[in-house]
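Structure record follows, encoded as structure tokens.
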């Protein structure tokens, strides 16, 4: 009797890439739901726009490279990029900016380097930074959370704003949009307000920005799901949140009026999202255990530095991109000891 | 490296604190498939195809001729030197052919085999049982008996056991590790051996302990084989083996790897590139221990082994006691034949075995298991996707390597860089490929790159030797040249001396002197005539018409030389 | 002794196959810094070209009198002299452009393309060849600068040849082309990262053209096309890896 041959091992494989990516998408859902609740339909529309763009771009590049399209779209990695980008940009961003950012992320950040597994930078964050430095005005125009909105926008209003830039009758652009808590704190601090005074404002909740804190908590839930399913490891999120919290607390203790508290830093902006979903992107993060600890801690530190002394509203994207650049070097110096070898080549 | 103090060997298994293996996998073991049936003897096949080399080392030469009758247990092939093991006939019959046949090999190689047509009489050759207690004997005769019985490692390596039992005086062996772990899924041959013939195993262990002068013996058995562990414990107690302990270890693949098992049981790491004996440990498989016992006490050669036949592709999976040289095709009917699901044939386990292209392949001393899985049991992983560097492979690697980085450099055609990540320490256990979400055949990449590295190293060594040879040659040539020159110079000097001597002789010889004088006179005369303008023409004695003819020829010549130059010389 | 190249080869090298900006990737500092508009690119490109021609000529003339040990300082000295001359000339006649280009005119001294040509070519060839090389290389560099500048200007602010009057006088004010008032510029293109991405895209376009030209005779056969694809992919992969290692 004849049999086909193959190389070992012959066992059924435990994981699949699209399964991993699928878990990430699933774990994002609670946070996305919270964002939809607080910031309206724009979030959902952005996700749809970005997803359509990335799929079209990937398909186009695969066509150019004369490779089958199915497996590449099927690995779901582009969708993860799309969703991460879409929930990072303001909900009322003009449609073409979302499309442009997504296309940039896929074409110039991911596929030019060779596609999944070869990109040096996190595509979603590179796309976000691309938009931020190209269109700073639009990219900083967030809307206030629905709980304090005077005129909540309907789905139709949102669609009109995103696709045609037409505002609902009787409303000005300034009436709809508002700075993020992060931005607010920065500008108020510059106006010589103290942190405790700022906290009295209407944008303020119990932990961080109003609405934002809940979004952060729901993303935290998703992150815990990923940890539980062992899709990600705890090294990067914990070291990143830990270093950010410690630094913030340290400065807050030194001068509580000038430096916001640790909890504020954790529950505003994209901190939680970044810790569990962005910095943990395996392709662009460190791959050794100690490397991941160093990677996460450095991101946390950079976030604090950029937020406190830098010029841009949020810092997660910049910190992640900077550490993406350092990842290969960190990996090189944090190789684990191999069985039967002495420790060597360490930093 | 941290040195663990050797604990007192008489700890109970429960009290022993084991070193947990970082990395590794918990695999579904599927051992129930074959352990639900007892160990059975296999039927005598009509034809036995016995490969002449079943060990690592020098190849064997056939000791029998075609047509010769052989007895069961008769030595039919042997090789000189220690690093080899003889081969014995596994049943009585007639040698019908000595030719190349397919052997169990990942690349489906063929090798010289002795084919015996069995006569069904199973007539043994004369065996020489040991009369004395082996512990009273010296090492040499005992080791000679083991070698003569052709015992090789039955865990899969095929290393001659006699070598491993003589580690040399410079190595002080403190621990004998007996490997009853059997961590690969499906395989149960060691389990069944320990359950049904623990006494045979333990008697071999006793001999090994004596040979190695080891201070203690640790028998490692995974906790998914409680019957085997109990049987072994009972046998150890019954035979009163000193300093020997059955240690039940947690089930985790690949705890049965030699280095892994030693680490789990003793906390000692075998250094990279070294063997266990360098840190005072020797590791033997339970099957090998049984074979050593047989060889010592009964003088019985290794002519059979227990083979697991398992998987959904056979009707009634079972362990069989198989004569070496039996074709797999002859064994399949004894487990009920193939089911329609039979999809593949694997020799060894699903993690580290290799596939066979067909079943016309003989069982050898190292063949522990034949798996015939269905497509659903061990499915094809499908095409590989790009590595996403998730690092799962590094988490499960029992050697604590970084497979993702090694793979990266191999893909970049840079095997040296992957060796910087200690590629050569890879034991090819397959854990990394098992957990890879991109389904990359990592083990295949590593095997390929290791072969490449070894080839390069061999090439470098060859080049170095060639360079040394050519330098030596150059030196030799220079030396020869110098000698030649010296000889020539000596010869020349001798010749000149001779000429000089001759000249002296000439001057004294009157005859020679007269000739020389005559020559001198003639020369003087020619010079005188030339000075007077007379050139000798040898024409004085010619007739007149001859004189005229000469004159005419002379004129013609002068006329032609006065003509214009030949056209060819025109510019 | 190096071979004497033909004039046509010199021109082809300078403009295309050994373009200092797109192939040799030399002189990237001014290339990336001033190419936010086409006119800026043109201005710096022309200044560089003048310096390149003059330095090539001088280096060629003195090549037999310069000891090899001191050649580099001397070349730099020669180049610096010409740069100073060009800078003062621009200060005199194109003051507005001078103000825009600012520090990058003196920085022409450090432009590797110029010292590279002096060292690799002019110091080994006669005057005529050196001058032709200087002209070809200078124009090739200028073209790359203008192309990159035009691309960044068009994408970044939606105009083309804005501020042409800086170079061509008041009549050139009307030359400016515009994508229209509604175009909201892409700020990234004008910022430094845009210069890197733009240069990358220019190199892509050049390689694409080269590849098309090279594969034209064999374009019919499918295997050739496939091979192109695989090499392209390999290049992409290695590029990505290099980037990652860098």
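The values are calculated or read from the model by the stated rules, or taken from the named source; none is laboratory data. All of these numbers come straight from a predicted model, not from anything done at the bench. No Cβ is skipped: glycine too gets one built from the backbone with ideal geometry, and neighbour counts run over all protein chains shown.
As for the stretch B:305-314, it holds at least one residue that is within 14 Å of chain A (Cβ to nearest Cβ) and surrounded by fewer than 22 Cβ atoms within 10 Å (Cβ to Cβ). Can you name every residue in the stretch B:269-285 that is closer than 18 Å to residue B:166 by Cα and touching a residue at least 40 places away in the same chain (Cβ under 8 Å)? Selection gives B:276, B:277, B:278, B:280, B:281, B:282, B:283, B:284, B:285.
Please determine whether any residue of the stretch A:19-31 is under 20 Å from residue A:144 (Cβ atoms), away from chain B (no Cβ under 12 Å) and either in a loop (DSSP other than H, G, I, E, B) or in contact with a helix residue (DSSP H, G or I) (Cβ under 9 Å, 6 or more places away or on another chain) (or both). Within the stretch A:19-31 (the criterion being under 20 Å from residue A:144 (Cβ atoms), away from chain B (no Cβ under 12 Å) and either in a loop (DSSP other than H, G, I, E, B) or in contact with a helix residue (DSSP H, G or I) (Cβ under 9 Å, 6 or more places away or on another chain) (or both)), the answer is yes, since at least one residue qualifies.
For (1) assigned to a helix (DSSP H, G or I); (2) buried (at least 18 other Cβ atoms within 10 Å of the Cβ); (3) touching a residue at least 60 places away in the same chain (Cβ under 8 Å); (4) within 10 Å of chain B (Cβ to nearest Cβ), each residue gets a yes or a no:
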residue	(1), (2), (3), (4)
A:282	no, yes, no, yes
A:305	yes, no, no, no
A:308	yes, no, no, no
A:311	no, no, no, no
A:321	yes, yes, yes, no
A:324	yes, yes, yes, no
A:338	no, yes, no, yes
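Within the stretch B:384-397, the set of residues being under 22 Å from residue A:76 (Cβ atoms), assigned to a loop (DSSP other than H, G, I, E, B) and more than 7 Å from chain A (Cβ to nearest Cβ) comprises just one member, B:384.
The set of residues from the stretch B:354-374 being over 19 Å from residue B:320 (Cα atoms) and out of contact with any helix residue (DSSP H, G or I) (no Cβ under 9 Å at 6 or more places or on another chain) comprises B:354, B:355, B:357, B:374.
Could you tell me whether residue A:93 is touching a helix residue (DSSP H, G or I) at 6+ places or on another chain (Cβ under 8 Å), in a loop (DSSP other than H, G, I, E, B), within 14 Å of chain C (Cβ to nearest Cβ) and touching a residue at least 60 places away in the same chain (Cβ under 8 Å)? Yes, satisfied. Of the helices (runs of 4 or more DSSP H) that lie entirely inside the stretch B:221-295, those containing 1 or more residues that are closer than 13 Å to residue B:198 by Cα and in contact with a strand residue (DSSP E or B) (Cβ under 9 Å, 6 or more places away or on another chain) span B:226-239, B:286-293.
Filter the stretch B:398-421 for residues that are touching a residue at least 60 places away in the same chain (Cβ under 8 Å) and crowded, with 21+ Cβ neighbours inside 10 Å; which is nearest to the other protein chains (Cβ to nearest Cβ)? Once the filter is applied, the top-ranked residue is B:399.
Note on the stretch B:406-513: enclosed helices (runs of 4 or more DSSP H) holding 2 or more residues that are farther than 30 Å from residue A:21 by Cβ and in contact with a helix residue (DSSP H, G or I) (Cβ under 7 Å, 6 or more places away or on another chain) are B:415-420, B:442-508. Of all residues in the stretch A:38-47, none are more than 14 Å from chain B (Cβ to nearest Cβ), surrounded by fewer than 18 Cβ atoms within 10 Å (Cβ to Cβ) and outside any helix (DSSP H, G or I).
Here is the figure for the stretch B:157-207: residues that are closer than 18 Å to residue B:270 by Cα and assigned to a strand (DSSP E or B) total 5. Filter the stretch A:18-60 down to the residues that are farther than 18 Å from residue A:105 by Cβ and without any contact (Cβ under 8 Å) to a residue 24 or more places away in the chain and list them by number. Hits for the stretch A:18-60 are A:19, A:36, A:44.
If you check C:113, C:130 for being over 17 Å from residue C:31 (Cα atoms), under 19 Å from the mean Cα position of the chain (by Cα), buried (at least 21 other Cβ atoms within 10 Å of the Cβ) and touching a residue at least 24 places away in the same chain (Cβ under 8 Å), only one passes: C:130.
Counting only helices (runs of 4 or more DSSP H) wholly contained in the stretch A:116-194, the ones carrying 2 or more residues that are more than 14 Å from every other protein chain (Cβ to nearest Cβ) and surrounded by fewer than 23 Cβ atoms within 10 Å (Cβ to Cβ) occupy A:155-164, A:173-176, A:181-190. The residues on offer are C:243, C:211, and the sole one that is part of a helix (DSSP H, G or I), modelled with pLDDT under 70, within 14 Å of another protein chain (Cβ to nearest Cβ) and under 30 Å from residue B:386 (Cα atoms) is C:243. Of the residues making up the stretch C:108-127, just one is part of a helix (DSSP H, G or I) and more than 20 Å from residue C:19 (Cα to Cα), namely C:127.
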